[in-house]
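Shown next, in structure tokens, is the structure this report addresses.
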Amino acid sequence: MLILKSAWGIIHHTVHILMEGTPSSINQTAVKEALERIDGVKDVHDLHIWTITSGLDSMSCHILVKDGWDCQQILQQAIELMEKEFTIHHRTIQVEN
Ligand SMILES: [Zn+2]
């Protein structure tokens with residue numbers, strides 16, 4: 001029973017990674033809201049966050065930018081936000097206007 005109990009944690013963690021589930025340490029809604037708070041961002045969609053391997057999280061999303069805003073500057077802010085606030089080192093962000 002003791003072995004089963006400790007094995008369950010490892011199996012659960014492994015299956016979660018293999019299924020590319022959202023990492024438990026990251027709140028998907030919080031990421032979306034943080035991106036939408038950047039000045040000039042109209043909408044964030046197609047947001048996906050998954051674990052490639054233990055300790056390496058990855059994300060992809062589309063950011064819709066309001067008319068007249070600098071897309072490149074908003075992209076840079078989004079990258080910094082992912083790095084500093086959520087420690088997501090691998091990002092693929094598509095900017096649309
Ligand atoms: Zn899109």
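The values are calculated or read from the model by the stated rules, or taken from the named source; none is laboratory data. The shown structure was predicted, so the numbers you read here are calculated from the model rather than taken from an experiment. In this analysis, Cβ positions are derived from the backbone assuming ideal geometry, glycine residues included, and neighbour counts consider all displayed protein chains. Surface areas here come from the heavy atoms of the whole protein model, side chains and all, with no ligands, DNA or RNA. Shrake-Rupley method; radii C 1.70, N 1.55, O 1.52, S 1.80 Å.
At-a-glance table
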| read-out | value |
| --- | --- |
| Carbon and sulfur %, accessible surface of the range 2-96 computed with the full protein complex present, 1.4 Å | 57 percent |
| Heavy-atom SASA rank of Arg91, Arg37 (probe 1.4 Å, accessible area, largest first) | Arg37, Arg91 |
| Size of electric dipole in the range 2-96: Cβ of Lys, Arg +1 and of Asp, Glu -1, about Cα centre, debye, nearest 20 | 420 debye |
| Degrees, to the nearest 10: 2-18 long Cα axis against longest axis of the chain | 30 degrees |
| Computed [θ] at 222 nm, deg cm²/dmol, the chain (DSSP H ≥ 4; -39,500 (n - 2.57); rounded to nearest 500) | -14000 deg cm²/dmol |
| DSSP-defined antiparallel bridges as percent of all bridges, the chain, nearest 5 | 55 percent |
| The chain: GluC sites (Glu not before Pro) in DSSP coil with no more than 14 other Cβ atoms inside 10 Å | Glu20 |
| Accessible area (Å², per residue) of the chain, counting only protein heavy atoms and a probe of 1.4 Å | 67 Å² |
| Accessible area (Å², 1.4 Å probe, nearest 10) - Lys66 | 90 Å² |
| Relative contact order of the range 1-62, pairs being alpha-carbon contacts under 8 Å that are 6 or more residues apart, as % | 30 percent |
| Surface accessible to a 1.4 Å probe, Ser25 within the full protein complex, Å² | 100 Å² |
| Relative compactness, the range 49-88, computed as alpha-carbon Rg over 2.2 N^0.38 Å | 1.38 |
| Nearest 10 degrees, 0 to 90: helix 71-86 Cα axis against the chain principal axis | 30 degrees |
| Taking N as its residue count, the alpha carbon Rg of the range 2-96 over 2.2 N^0.38 Å | 1.29 |
